[in-house]
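*Asks:* Please read through the structure below; I'll follow up with questions.
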Amino acid sequence: MSTGARFRPSDLRLPVVGAPMAGGPSTPALAAAVTGAGGLGFLAAGYRPVDGLAADVEEVRGRTDGPFGVNLFVPDPAAAAPGADLRRAVEDYRSALAPEAERLGAELPAVDPTDDDAWADKLELVERLRVPVVSFTFGLPPQEVLSRLAAAGCTTAVTVASVPEAVASVRAGADLLVVQGPEAGGHRGTHRVDAVPGEDPLPVLLAAVRAAVDVPLVAAGGIASAQDAAALLDAGAAAVQVGTLLLRTPEAGTSAPYREALASGRYPGTAVTRAFSGRCARGLRNGFLERYTHMAPPAYPQVNQLTKPLRAAAARAGDPEAIALWAGTGSAAAREAPAAEVVRELVAGRSAR
């Protein structure tokens, strides 16, 4: 990437983006490995303290001189003042989770719907540190935020799950779009907490978005092979984004029970649930997902706050049945291999456009 120039996907040697995976899997080592292989590595700012995020950025810069990104969660102003019905639904869910808390020896906390994950401080940080790429998930930031980051030399990207979200993001000034199909592991990037994500397969969604906007598109969701990547790149994607394929790499911060669950093959596929966070997300069909999906309300961050100590207790106990085993539909393809090898094999013989 030329000095002083804003990042473009064509700057990459390989058209691969390492998905930001909040909650542990994304590490500076993983981001640097993806970038070092010729792709674009990402840090996940979600749930990270600001000082920890700052240290992560500096560590990536110490490991590589290539481009990398930081992903931020966009807070929903409406979520800070939930209506009476939603408050009751959250309390009902708390009651439903009480036996789980007792089993795990955990305490269900008070919830704070005003928690915005230190949004303003993290924005100030990525602007001050001039992070090459700043991406956003869970919503569309105000136009002035995108303009402010552009003025600092940052390229901005917004995750979208529909054509209307894509059009609105480009109108607001996003430089790139991450087009996320329903096959993706982890949280769906819908711009509203209560939105029901669409079910159009990624190639169909990518084609519809490409017809509606004129910015580079990164295709994300369920990409499990070189054939998957080639089809999307041939269909006009500037790059492909993968997360699940990187979960078992040594550079990832994936917990031991999570790694074992991915490797075991004992879970009957994946499903979309609100059970862990209140937002729709795809994960392996473990016990918690099966028991609580039908009860969980569309309340973020409240549900995420309620289940956090349960997930932490399960992780400490090495129990994969009550942790969020986020994974895409291609999870069986995830393997133990260095991240650079995964990236290179995914797009062997190709370079970014």
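The values are calculated or read from the model by the stated rules, or taken from the named source; none is laboratory data. What you are looking at is a predicted structure, and each value in this text was computed from that prediction instead of being measured. Cβ placement follows ideal geometry from the backbone for every residue including glycine, while neighbour counts extend to all protein chains displayed. Ligands, DNA and RNA are stripped out before the accessible areas are found, and what is left, the full protein with its side chains, is counted by its heavy atoms. Shrake-Rupley method; radii C 1.70, N 1.55, O 1.52, S 1.80 Å.
This table checks each residue for (1) outside the structural domain of Gly38 (by the TED database); (2) surrounded by 14 or more Cβ atoms within 10 Å (Cβ to Cβ); (3) over 22 Å from Lys308 (Cα atoms).
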| residue | (1), (2), (3) |
| --- | --- |
| Ala55 | no, no, yes |
| Val60 | no, yes, yes |
| Asn71 | no, yes, no |
| Arg87 | yes, yes, no |
| Pro99 | yes, no, no |
| Leu104 | yes, yes, no |
| Pro109 | yes, no, no |
| Val126 | no, yes, yes |
| Leu129 | no, yes, yes |
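*Asks:* Also: So if I check each of Asp228, Asp234, which one is open to solvent by 50 Å² or more (accessible area, probe 1.4 Å), modelled with pLDDT of 95 or more and under 21 Å from the mean Cα position of the chain (by Cα)?
*Replies:* Going through Asp228, Asp234 in turn, the sole match is Asp228.
*Asks:* Go through the stretch 273-304 and report how many residues are of a type outside the set (Gly, Ala, Ser), outside any loop (DSSP other than H, G, I, E, B) and surrounded by 18 or more Cβ atoms within 10 Å (Cβ to Cβ).
*Replies:* Qualifying residue count for the region: 9.
*Asks:* Next up: Would you confirm whether any residue within the stretch 134-146 is open to solvent by 40 Å² or more (accessible area, probe 1.4 Å), under 19 Å from the mean Cα position of the chain (by Cα) and in the same structural domain as Ala45 (by the TED database)?
*Replies:* Taking every residue of the stretch 134-146 in turn, at least one turns out to be open to solvent by 40 Å² or more (accessible area, probe 1.4 Å), under 19 Å from the mean Cα position of the chain (by Cα) and in the same structural domain as Ala45 (by the TED database).
*Asks:* Looking at (1) touching a helix residue (DSSP H, G or I) at 6+ places or on another chain (Cβ under 9 Å); (2) closer than 23 Å to Asp112 by Cα; (3) free of Cβ contacts under 8 Å to residues at least 40 places away in the same chain, which is the one condition that is false for Ala324?
*Replies:* (3)
*Asks:* Would you be able to say whether some residue in the stretch 173-194 is surrounded by fewer than 21 Cβ atoms within 10 Å (Cβ to Cβ), touching a residue at least 24 places away in the same chain (Cβ under 8 Å) and aliphatic (A, V, I, L, M)?
*Replies:* Within the stretch 173-194 (the criterion being surrounded by fewer than 21 Cβ atoms within 10 Å (Cβ to Cβ), touching a residue at least 24 places away in the same chain (Cβ under 8 Å) and aliphatic (A, V, I, L, M)), the answer is no, since none of the residues qualifies.
*Asks:* If a residue counts only when it is in contact with an Asp or Glu (Cβ under 9 Å, 6 or more places away or on another chain) and touching a residue at least 24 places away in the same chain (Cβ under 8 Å), which strands (runs of 3 or more DSSP E) contained entirely in the stretch 1-97 have at least 3 such residues?
*Replies:* Qualifying strands (runs of 3 or more DSSP E): 68-73.
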